[in-house]
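The values are calculated or read from the model by the stated rules, or taken from the named source; none is laboratory data. None of the values given here were measured: they were computed from a predicted structure. Quick reminder, even Gly has a Cβ in these numbers, built from the backbone with ideal geometry, and neighbours come from all protein chains shown.
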Amino acid sequence: MKRTMLAGAVLAIAVLGASPSALATRDPLGYVDGMGLYEYCLSRSTVLTDAYGNTVTITVSGTPATEDVKKGDGTTEKKSKAGKLFGKPQQQGNKYDVCVYTVTVTNESGSSDGTYEVARDTASDTAPKGDQTPAERRGNYGKDHECPPGEYDGNIRVDGSKGPRIELGDKPGGSTIKAPDGTNRENVQIHFGPAMSEGCMTGQTGHEGQNKFMKTVQTQADQDKAAGKPANIRVNVVDRNKPPTKESHQPTRPPPRLNLRGDPV
């Protein structure tokens, strides 16, 4: 039994970044995110992860969002939700139909909001032939192509014509990320359109969706600040080119230490 407990403690430190004392600590916020004061990841540790434990986390899913579509015989079937991209700025050029992906915003204080959708594809009428349509560009993480999957720092920007948005960086306050081929990508953002995209993840609901999304991020950051927690922003872009193995989720609490009867101590 002691060996089992020790292995669990080592796993928690290596994977979760929790200190040994945290495993025996009750939730300091009480019952804000459930009745289990020692509960970890909503008791779903096989599918949920807790990478940081102190941040607002924006997760872009790797599986297309779906909707029920009515068929001619009156039954319904699930189909991928469709979004749009344009081949040139200012909603000019060719229109391209693309899938959209769910964006979830969660924080350490227990709030969760998953009502946003973005396109992850890119399109460009001015790119060389054979590299213009979303299908031709998909899976390419080089310059002006889609955002590489990974975990990044998120920074709020309010300058320019795009309005409030989240910019991804390899460090807090940064504006560059490194693609798998070593390319330094600049100004990869989550912003709202629909619009042309050469690397950004674009929301499909215009200014109304943009304002709601940014308000959610700011509100959850304020909640964490009020609770005495750091209010960093992390962006988790799930790899959509591989079958999903984990459902991303903002951390809840560390698992409990157990006595020999299996009870929390």
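Flag: G139 matches the condition of being in contact (Cβ under 8 Å) with a residue 12 or more places away in the chain, loosely packed, with under 14 Cβ neighbours inside 10 Å and not hydrophobic (A, V, I, L, M, F, W, C). Answer yes or no as to whether G160 is on the phi > 0 side of the Ramachandran plot, of a type in the set (G, A, S) and out of contact with any Lys or Arg (no Cβ under 9 Å at 6 or more places or on another chain). The answer is yes for G160. Can you name every residue in segment 69-90 that is of a type outside the set (D, E, K, R) and surrounded by fewer than 14 Cβ atoms within 10 Å (Cβ to Cβ)? Matches in segment 69-90: V69, G72, G74, T75, T76, P89, Q90.
Applying the criterion of at least 1 residues that are exposed (fewer than 14 other Cβ atoms within 10 Å of the Cβ) and modelled with pLDDT of 85 or more to the strands (runs of 3 or more DSSP E) found wholly in segment 177-265 leaves 184-186. Of (1) without any contact (Cβ under 8 Å) to a residue 24 or more places away in the chain; (2) more than 14 Å from the chain's Cα centre (by Cα), G93 satisfies all except one. Which? Every condition holds for G93 apart from (1). With respect to (1) over 20 Å from the mean Cα position of the chain (by Cα); (2) buried (at least 21 other Cβ atoms within 10 Å of the Cβ); (3) of a type in the set (K, R), the lone exception for R120 is condition (1). Might you check whether a residue that is at positive phi, crowded, with 17+ Cβ neighbours inside 10 Å and assigned to a strand (DSSP E or B) occurs anywhere in segment 143-150? Yes, there is a match, as at least one residue in segment 143-150 is at positive phi, crowded, with 17+ Cβ neighbours inside 10 Å and assigned to a strand (DSSP E or B). Among the residues here, G160 does not qualify as touching a strand residue (DSSP E or B) at 6+ places or on another chain (Cβ under 9 Å) and closer than 29 Å to A127 by Cα.
Scanning segment 72-94 for residues that are hydroxyl-bearing (S, T, Y) and outside any strand (DSSP E or B) yields a count of 1. For segment 204-213, the count of residues that are of a type in the set (F, W, Y) and within 25 Å of D125 (Cα to Cα) is zero.
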